[in-house]
Amino acid sequence: MTSDDLPIGRRVARWRVRRSMTQQMLADRLRRSKSWVDKVERGVRALDRYSVIQELAHVLRVDPEVLLGQQRSTPASTPDGVDDIRTALARYDTPQSPEQTDELRRQVAYAWLSYQHAHYGQLVRVLPGLLDAAQAAQTPELLVQAYRITSSLLVKLGEADLAWLAADRAMSAASDDPILVATAAISVGQALRAQDRDHLALSALLPAANRVLPPSSHSGDQEVCGTFGDQTTPKPLDHRGRGDRRVQGDRRDWAVGGTLLVQAALAAAGCGDSRRADELTERAAGIAASLRGYDDTHRTNFGPIAVELARVLVAAQRGDAAEALRRHSTIMRREGWRRLPAEYRGAYLVDVARAYLQVGDLRGAARALVDADSIAPAEVRCRPLARTVIADVARARPAPAGVARLATLVGLTR
């Protein structure tokens, strides 16, 4: 019997095992009983509602069509080579070598550039060799960066478990360097969020942010799992009396801290804690207002626009799609938007397409997807999340202009 011939319940069971979940874990994430999952997998309970299949597919991190047996489990446009990255991460006996640091630094910079331009197919081919070189050289800064790039790419490709492994390796490589630990925590938080473990992400992100930000910017926010107390909206940090050298030297650290706050806000929104999410974005806004022209050596892309994008996503996650889209329309007119990397803009537009779907605006969702494809094609054609959004829009009859073409490009059938 081929995988296409399997009953849908058997497919659910196979993907559950592949994602290292027990029946109880799957039931908890679906907010259903273990008995319900068991009956689905044994074929006793029929899965005849597409919305339920979509919910299962979201938790199992596959396309709904995979569970329906309508296409291969690996998207046609997903870059080959993830197994090579897995193999590189599984090597523990890489001999140390006198790798030229300057050459390795150039390779890392090239990998970052490929990621920011959303050249994911190219990056998949480069990363196994880069990981081997970084592991052999054992230079903490470059090793952390190599693992961060790897984790970020794997999140894009729907390999959240493997992304978490790479992020954890980055944290280990950071050792006791505070800023390297903070940058590694960004990847840890992103990987945990991709696994729908927002509470754990929040627990990792907030302490890391507080360690690198000035104490005055996080008063009242010492307890990760508690309430914020009487925190007021933060003002731009006052640099007077610190000296220009101190201000310049701290900016890169603050940008990392601000990025951690943005990620923490998104994690809080994922936990359903809208109040905390809003307070964290306000904190991040205060940090962003204090930064002007810093050298973004840690590739955070942090600044006022990044905070505004986070506000849009937080509003969408709490179900206020109208507010999210109102903010979105304002952001599109700002100059800072065009200066963000292609990867950042493309990923954001895919999320905006989901917000348009919340309000039933299929044309708006289609425009966002087409714009994302024009900015960063791999964001739309390689990511399982984007493929799900395309499928949702393409089911309309007739499908909005441009989406039918995207559906064909990514191998979806209507």
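State the percent of C-alpha pairs, over all pairs in the range 374-414, separated by a distance greater than 13 angstrom. List each step's numbers first, then the result.
Values: 365 of 820 pairs.
The calculated P(r) of the range 374-414 puts 45 percent of pairs beyond 13 Å.
Subtract the Cα-Cα distance of Glu55 and Ala396 from 0.36 nm times their separation in residues, and report this length gain in nm to one decimal.
Computed gain between Glu55 and Ala396 is 120.8 nm.
When the gyration tensor of the range 275-320 is built from Cα positions, what are the square roots of 5 times its three eigenvalues, in whole Å, from largest to smallest?
22, 11, 8
Go through 394-403, 86-95 and give me the packing order, highest mean Cβ count within 10 Å leading. Let's see the in-between values first.
On the way: 394-403: 16.0, 86-95: 11.7.
Packing proxy ranking, top to bottom: 394-403, 86-95.
Can you tell me the 0 to 90 degree angle between the C-alpha axis of helix 198-212 and the longest principal axis of the chain, rounded to 10?
Taking Cα atoms only, the helix is inclined about 10 degrees.
With a 1.4 Å probe and all protein chains in place, put Glu335, Glu159, Glu103 in order of accessible area, largest first.
In descending accessible area the options line up as Glu335, Glu103, Glu159.
What ranking, highest mean first, results for peptides 359-371, 17-29, 195-207, 145-157 when packing means the other Cβ atoms within 10 Å averaged over each residue?
145-157, 195-207, 359-371, 17-29
Could you tell me what % of all Cα pairs in the range 20-171 have separations over 29 Å?
34
Treat each spin label as a single point 7 Å out from the Cα along the C-beta direction, and report the Asp80 to Val359 distance in nm.
4.4
Extending each Cα 7 Å along its Cβ direction at His117 and Ser274, get the distance between those two points in nm, one decimal.
So the two model labels end up 4.2 nm from each other.
So for Arg334, Arg14, what's the accessible-area order with a 1.4 Å probe, most first?
Descending order: Arg14, Arg334.
So how far, in whole Å, is the C-alpha centre of the range 146-198 from the one of the range 83-138?
15
By how many nm would the segment from Ser175 to Arg45 grow when fully extended, if each residue of separation counts as 0.36 nm and the alpha-carbon distance is taken off? Walk me through the numbers before you get to the answer.
Working: separation 130, 0.36 × 130 = 46.80 nm, distance 5.01 nm.
Taking Ser175 through Arg45 to full extension adds about 41.8 nm, to one decimal.
Tally Lys and Arg at +1 and Asp and Glu at -1 over the other residues with C-beta under 9 Å from the C-beta of Pro400: what net charge comes out?
Charge balance in the 9 Å sphere: +2.
Can you figure out the FRET efficiency of Asp93 with Arg19, using R₀ = 22 Å and their beta-carbon distance, to the nearest 0.05? Please report the intermediate quantities before stating the final value.
On the way: r = 29 Å, r/R0 = 1.30.
Efficiency at R0 = 22 Å is approximately 0.15.
Local charge sum around Glu55 (other residues, Cβ-Cβ under 11 Å, Lys/Arg +1, Asp/Glu -1)?
Charge balance in the 11 Å sphere: +4.
Between beta-carbons, use under 14 Å as the cut-off and find the net charge around Asp176, counting Lys and Arg +1, Asp and Glu -1.
Values: positive: Arg211; negative: Glu141, Asp177.
Combined, the nearby Lys, Arg, Asp and Glu give -1.
If the viscosity is 1.567 mPa s and the temperature 4 °C, what translational diffusion coefficient in µm²/s does Stokes-Einstein give for the range 100-177 when Rh comes from Kirkwood over Cα pairs?
105
Scale the Cα Rg of the range 307-414 by the rule-of-thumb value 2.2 N^0.38 Å and send over the ratio, two decimals.
In units of the globular-protein estimate, the range 307-414 measures up at 1.00.
What percent of all Cα-Cα pairs in the range 141-200 falls in each 5 Å bin, counting up from 0?
Computed distribution, short to long bins: 4, 26, 33, 21, 12, 4, 0.
The values are calculated or read from the model by the stated rules, or taken from the named source; none is laboratory data. In this text, all values refer to a predicted model and were calculated from it rather than measured experimentally. Glycine also receives a Cβ, built like all others from the backbone with ideal geometry; neighbour counts cover every protein chain displayed. SASA here: full protein model, heavy atoms, side chains in, ligands and nucleic acids out. Shrake-Rupley method; radii C 1.70, N 1.55, O 1.52, S 1.80 Å.
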